[in-house]
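Enquirer: Pasting a structure here, questions to come.
The values are calculated or read from the model by the stated rules, or taken from the named source; none is laboratory data. Keep in mind that this is a model prediction, so the values were computed, not measured. All Cβ positions, even for glycine, are placed from backbone atoms using ideal geometry, and neighbour counts span all protein chains on display. All accessible areas refer to the heavy atoms of the entire protein, side chains included, with ligands and DNA or RNA removed. Shrake-Rupley method; radii C 1.70, N 1.55, O 1.52, S 1.80 Å.
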Amino acid sequence: MTMDDRVSTAASSRLVDTVRLACPELPPLSDEDASDYDLLLLNPGRLRSRLERQLHDHAGSIRVTGTLDRRLVLIERSDGQWVASDLSGSPHGTRRWPDWTHNRLEVEDPDSWLSLARLDVTAVERLSRPDVLLAALYHPENFPLPRFPLGISDVARAARATLLGTVSLTDMQLGTELENLVKRVTTETPDILGVTRRHTAKPVARLTTEDIFPELDLLPATFERHGVAQVETSRGCTNTCSFCPRGHKGKWAGAGAAELPWLLAEMRQIFDRYPEVSRTLYLVDEEFIGRGGDAVARALKVANVLHAQGFKWESSCRIDQVVRADPDAAWHVERAQMWRDLVNRGPRRMLFGVESGVDSILARFNKETTGDQNALAIRTLSALGVPTRYTYITFDQLMTLEELNATYAFQGHPPPYPGLVWCPGKSKTSQSSPGGAKGSR
């Protein structure tokens, strides 16, 4: 068993040590108690409820807060002191403590993950309020296959990072009925209710950030409903396509591969409880490769981590990550090698946004590609053995009859195209149809 295999197990062991320091009079916890903790670490609310029941006659107030990778447990001892435990095993001094905690929450030993601490009345209150409920609405006729809800899971992580209040999540695609949701809101009366609608026509852009990982409260429920796991390794896109409604067009940020192992290890342990679920991660990156001088190295590192953790995966990127007009031959050699290397690292499919093979349509879409470029990219991916999917917009309300004929011709004659030659900065075809589409063979 590797260190990553033991993420939750190690956290459970630390929690046992925490309880022992907070309540030394309790008899040693059983292995069954420790294994139960593994199941509760994903959900701070449930873990807090379990500890409150277990320590009812031995401890005062209990607070569980922080993100999954830095879960923080605070237990008030019978003598009035507090025990502060960072279940990640990282020293308290390495945490980015929010400003509000200064002079209100102080640990005695910042060089340790487990320490006595001082909390004032305001800190105790702020750790439990506001009570936030994040709910995702759902129309089953639109999305018959449950998908792990990244949106509210991302928001939950951001909220928990502040150490303010409590956050719980619910998603109607995972069995919650609207009637039950209304009843819960009425009876529990959360201080803040956050609602997201899955069928919103214009997606709401989430800010691009390097901290893009979710909380995993709802991943077990997703698998229980025979759903699929989603995750992001980057956010945003490098281009500004005219038809894209998102507010982050032209903005892109990628997470480093070094931040992935802890998340994948936690997800893998959840997969272990559901052996019937395919170990496939759907990376919902709009642009997997990204940009910058380290784009190739980063993509390969991310793929290495996914493959090492035993996952198959799917993602998407722009078609110009394969062939471009401006770079020299060295760029294309590097990209060809990158795609060969990626093929050996577990991808099930990669989705490419071709959108058209007609130059005038591509210009209207602001795709910054050409029909010849797209054709050669498709041909190259096929030659390299990359498992692909493509998106293609056959009709648009502004197209002319000439463009319709040209796009039909492009679709009707998939690559390779005879006579197609590509060199950086120029292209040549044996025949051309209006708008840049290829003629018949």
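Enquirer: Which residue pairs have Cβ atoms closer than 9 Å, lie 6 or more positions apart in sequence or on different chains, and pair a first residue in the stretch 1-27 that is closer than 15 Å to Leu87 by Cα and at pLDDT below 85 with a second residue that is of a type in the set (Phe, Trp, Tyr) and surrounded by 15 or more Cβ atoms within 10 Å (Cβ to Cβ)?
Expert: Asp4/Trp262; Val7/Trp262; Ser8/Tyr37
Enquirer: Considering only the stretch 389-403, I want to know if a residue exists there that is touching a helix residue (DSSP H, G or I) at 6+ places or on another chain (Cβ under 6 Å) and of a type in the set (A, V, I, L, M, F, W, C).
Expert: no
Enquirer: Of all the residues that make up the stretch 98-118, how many are more than 21 Å from Leu15 (Cα to Cα), open to solvent by 30 Å² or more (accessible area, probe 1.4 Å) and not polar (S, T, N, Q)?
Expert: Taking the stretch 98-118 and keeping what is more than 21 Å from Leu15 (Cα to Cα), we get 98-104.
Add one more test, that the residue is open to solvent by 30 Å² or more (accessible area, probe 1.4 Å), and what stays is 99-100, 102-104.
Then keep just the ones that are not polar (S, T, N, Q); that gives 99-100, 102, 104.
Qualifying residue count, the stretch 98-118: 4.
Enquirer: How many residues are polar (S, T, N, Q) and closer than 13 Å to Thr65 by Cα if we restrict to the stretch 103-131?
Expert: Looking only at the stretch 103-131, we keep the residues that are polar (S, T, N, Q), and these are 103, 112, 115, 122, 128.
Restricting the remaining residues to those that are closer than 13 Å to Thr65 by Cα gives 128.
Total meeting the criteria: 1.
Enquirer: Among residues belonging to the stretch 208-240 that are in contact with a Gly (Cβ under 9 Å, 6 or more places away or on another chain) and surrounded by fewer than 17 Cβ atoms within 10 Å (Cβ to Cβ), point out the one that is modelled with the lowest pLDDT.
Expert: Checking each candidate, the answer is Thr208.
Enquirer: Just one of Glu368, Glu402 is modelled with pLDDT of 90 or more, over 30 Å from Gly310 (Cβ atoms), assigned to a loop (DSSP other than H, G, I, E, B) and among the charged types (D, E, K, R); which is it?
Expert: Values: Glu402 fails: assigned to a loop (DSSP other than H, G, I, E, B).
From the options Glu368, Glu402, the qualifying one is Glu368.
Enquirer: Okay, moving on. Checking the structure you have, find out if any residue of the stretch 293-302 is outside any helix (DSSP H, G or I), closer than 22 Å to Arg235 by Cβ and at pLDDT below 95. Before the answer, list the steps.
Expert: Applying the first criterion (outside any helix (DSSP H, G or I)) to the stretch 293-302 yields 293-294.
From what is left, the residues that are closer than 22 Å to Arg235 by Cβ are 293-294.
Now drop any that are not at pLDDT below 95, which leaves 293-294.
Checked the stretch 293-302: at least one residue is outside any helix (DSSP H, G or I), closer than 22 Å to Arg235 by Cβ and at pLDDT below 95.
Enquirer: What number of residues within the stretch 161-189 satisfy the criterion of being out of contact with any Asp or Glu (no Cβ under 7 Å at 6 or more places or on another chain), under 17 Å from Pro44 (Cβ atoms) and either modelled with pLDDT of 95 or more or not in a helix (DSSP H, G or I) (or both)? Write out each step before concluding.
Expert: Taking the stretch 161-189 and keeping what is out of contact with any Asp or Glu (no Cβ under 7 Å at 6 or more places or on another chain), we get 161-164, 167-168, 170-189.
Still in the list and also under 17 Å from Pro44 (Cβ atoms): 161-164, 167-168, 170, 188.
After this cut, where a residue has to be either modelled with pLDDT of 95 or more or not in a helix (DSSP H, G or I) (or both) as well, the list is 161-164, 167-168, 170.
Matching residues across the stretch 161-189 total 7.
Enquirer: Out of (1) in contact with a helix residue (DSSP H, G or I) (Cβ under 7 Å, 6 or more places away or on another chain); (2) within 30 Å of Arg235 (Cα to Cα); (3) assigned to a helix (DSSP H, G or I), the odd one out for Ala123 is which?
Expert: All conditions pass for Ala123, except number (2).
Enquirer: Next question. Restricting to the stretch 49-63, count the residues that are surrounded by 15 or more Cβ atoms within 10 Å (Cβ to Cβ) and under 18 Å from Pro220 (Cβ atoms).
Expert: Within the stretch 49-63, residues that are surrounded by 15 or more Cβ atoms within 10 Å (Cβ to Cβ) and under 18 Å from Pro220 (Cβ atoms) number 1.
Enquirer: For the stretch 65-110, which fully contained strands (runs of 3 or more DSSP E) count at least 1 residues that are closer than 18 Å to Cys23 by Cβ?
Expert: The strands (runs of 3 or more DSSP E) meeting that bar are 72-76, 82-86.
Enquirer: Cβ-Cβ below 6 Å, separation at least six or inter-chain, first residue in the stretch 303-322 and closer than 21 Å to Gln269 by Cβ and free of Cβ contacts under 8 Å to residues at least 40 places away in the same chain, second part of a strand (DSSP E or B) and hydrophobic (A, V, I, L, M, F, W, C): which pairs?
Expert: Trp313/Leu281; Trp313/Leu283
Enquirer: For Leu264, state whether it is open to solvent by less than 10 Å² (accessible area, probe 1.4 Å), assigned to a strand (DSSP E or B) and touching a residue at least 12 places away in the same chain (Cβ under 8 Å). Before the answer, list the steps.
Expert: Working: open to solvent by less than 10 Å² (accessible area, probe 1.4 Å): yes; assigned to a strand (DSSP E or B): no; touching a residue at least 12 places away in the same chain (Cβ under 8 Å): yes.
For Leu264, the condition - open to solvent by less than 10 Å² (accessible area, probe 1.4 Å), assigned to a strand (DSSP E or B) and touching a residue at least 12 places away in the same chain (Cβ under 8 Å) - is not met.
Enquirer: If you go through the stretch 122-144 one residue at a time, do you hit one that is at pLDDT below 95 and within 26 Å of Ala265 (Cβ to Cβ)?
Expert: Checked the stretch 122-144: at least one residue is at pLDDT below 95 and within 26 Å of Ala265 (Cβ to Cβ).
Enquirer: Another question about this same structure. Could you grab me the full set of residues in the stretch 267-288 that are under 20 Å from Cys317 (Cβ atoms), open to solvent by less than 30 Å² (accessible area, probe 1.4 Å) and part of a loop (DSSP other than H, G, I, E, B)?
Expert: Result: Asp285, Glu287, Phe288.
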